[in-house]
Amino acid sequence: MMFITFDDVITTPAAIAFLAMLASVALIMILRPLFKRYALARPNARSSHTVPTRQGGGIAVIGATIIVTVGMMYSASDDSGTIPLAILFAAVILIAIVGVIADIHPNYVVPRFLLQAFAVALMVFLLLPEDLQIVPVLPWWVERILLVFGALWFVNLVNFMDGLDWMTVAEVVPITAAIAGIGFFEAMPPWAIVVSLALCGAMIGFAFFNRPVAKLFLGDVGSLPIGLIIAWLLILVAGSGDWPAAILLPLYYLADSTITLLRRVMNREKVWQAHRSHFYQRATDHGLTVIQIVRRVFFVNLLLAALALVTVVRPSLELDVGALIAGAILVAWLLVGFVRGRRA
């Protein structure tokens, strides 16, 4: 077990998540009138909802994550995370602003994409440790460019997958909780563990308002920065040598989004347009309820998180390969079940 400090992640990890949950709930209650007035999500070709619904809950989630993380940092005796956290939250706020633009002006595709790319590049080139390399045989600059493209795809796939009540909650909570756990076994920065715990708690707070039938959505202002934070955390996990865990944790999201994109490209569809062809969206069309879908997603994500933790606690080539195969089988079972719908 590696050193942790940041006053051993401010003594009680559960307290960080609990404070973030309370902060998220408080911010949502304060901002609800603004959501109703300025941020209504109207049904479109991608939507699973049928009536205009408030969006912008991501402001509370990201706000709570930042507030709790900064508060924990200043209550600790370790200020080593000040500059990295400033860079991280600058990139997070930038991409959240991109999300606001997307929520209000969804047709501004190119400017949004360029700003997303800038925020991701800021994270990759300024925030990641210089000595971090996931694939040592690659030149440093080649790996960094690949990480920019990979993180940019991940940010967008988190946004694409945020199309069902509780879906992002069912994905983010197990991932962030598992990353925090991994942080206690590997040489991850203590402030990264705090960010992971804070985001986990903030999402739990948001979950009450997003429960089916949702009264509040994250909006792009939430899904984009959440994707950026998780991409950064997963890169840190992979950079610490635990690349199987970094693959396993988001495996369902990666599979659903990537397979859907490739299928749409092969069908010569306009991939930048809204659609309802993700596996989870097809599941609703095939008769599964929202609760049935997110319950399966959450269950699979818990198992993927358990497999990821096993590869960290008991590292070996055989176990890594076995865990990856088991994870692939779990995700395949989930995707096939979504295609079959009620017949599964």
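The values are calculated or read from the model by the stated rules, or taken from the named source; none is laboratory data. Keep in mind the model is a prediction, meaning the values are calculated, not measured. Using ideal geometry, Cβ is built from the backbone for each residue, glycine included, and neighbour counts are taken over all protein chains shown. Each accessible area value is taken on the protein alone, full model and side chains, heavy atoms only, with ligands, DNA and RNA left out. Shrake-Rupley method; radii C 1.70, N 1.55, O 1.52, S 1.80 Å.
Roughly speaking, to the nearest percent, how much of the chain's 1.4 Å accessible area is carbon and sulfur? Could the numbers behind the result be given before it?
Numbers: 10870 of 15480 Å².
Here carbon and sulfur together make up 70 percent of the probe-accessible area.
In Å², what does the accessible area per residue of the stretch 63-206 work out to with a 1.4 Å probe? Don't skip to the end; give the middle numbers.
Working: 5720 Å² over 144 residues.
Heavy-atom accessible area per residue stands at 40 Å².
Could you calculate the contour length gain from T258 to M29, that is, 0.36 nm times the residue separation minus the distance between their Cα atoms, to one decimal place in nm?
Numbers: separation 229, 0.36 × 229 = 82.44 nm, distance 3.58 nm.
Stretched out fully, the T258 to M29 stretch lengthens by 78.9 nm.
Mind telling me which of D131, D242, D285 comes out most flexible in a GNM of the chain, alpha-carbon contacts under 10 Å?
Answer for the Gaussian network model of the chain: D131.
Report the extension gain between R314 and A328 in nm, rounded to one decimal, defined as 0.36 nm multiplied by the number of residues separating them, less their alpha carbon distance. Could the numbers behind the result be given before it?
Details: separation 14, 0.36 × 14 = 5.04 nm, distance 1.95 nm.
Full extension of this stretch gives 3.1 nm more.
Given the options W153, W333, W243, state which has the largest fluctuation in a GNM of the chain using a 10 Å cut-off (strictly under) for Cα springs.
W333
For a quick check, take a GNM of the chain with Cα springs below 10 Å and name the residue from A23, A64, A15 with the largest mean-square fluctuation.
A15
Points 7 angstrom from Cα along the Cβ direction at N267 and V339: gap in nanometres?
It is 1.3 nm.
Calculate, for the stretch 257-329, the solvent-accessible area per residue in square angstrom, rolling a 1.4 angstrom probe over the heavy atoms of the protein chains.
Values: 4110 Å² over 73 residues.
Computed with neighbouring chains in place, this is 56 Å² per residue.
Could you rank the peptides 88-94, 25-31, 262-268 by their average count of other C-beta atoms within 10 Å per residue, with the highest value first? List each step's numbers first, then the result.
Values: 88-94: 19.9, 25-31: 17.3, 262-268: 10.1.
In decreasing order of mean packing, 88-94, 25-31, 262-268 become 88-94, 25-31, 262-268.
Let me have the 222 nm mean residue ellipticity of the chain computed from DSSP H runs of 4+ only, each contributing -39500 (n - 2.57), with the sum over all residues rounded to the nearest 500.
-24000 deg cm²/dmol
Suppose we take every Cα in the chain and form the convex hull; what volume per residue is that in Å³?
Numbers: hull volume 44.3 nm³, N = 344.
Here the figure is 129 Å³ per residue.
Please identify the DSSP H helices in the chain that span no less than 24 Å along the helix axis (Cα) and have a mean Kyte-Doolittle hydropathy of -0.5 or more. Numbers along the way, then the final one.
On the way: long enough: 13-38 (36 Å, 1.49); 57-75 (27 Å, 1.73); 82-104 (33 Å, 2.66); 140-161 (31 Å, 1.39); 167-183 (25 Å, 1.64); 190-210 (30 Å, 1.78); 220-239 (28 Å, 2.05); 290-313 (34 Å, 2.15); 317-340 (34 Å, 1.88).
Long hydrophobic helices here: 13-38, 57-75, 82-104, 140-161, 167-183, 190-210, 220-239, 290-313, 317-340.
Sort 172-183, 133-144 by the packing proxy (mean of other Cβ within 10 Å over each peptide's residues), most packed first. Display every interim value, and only then the final one.
Details: 172-183: 25.2, 133-144: 12.4.
By packing density, highest mean first, the sequence is 172-183, 133-144.
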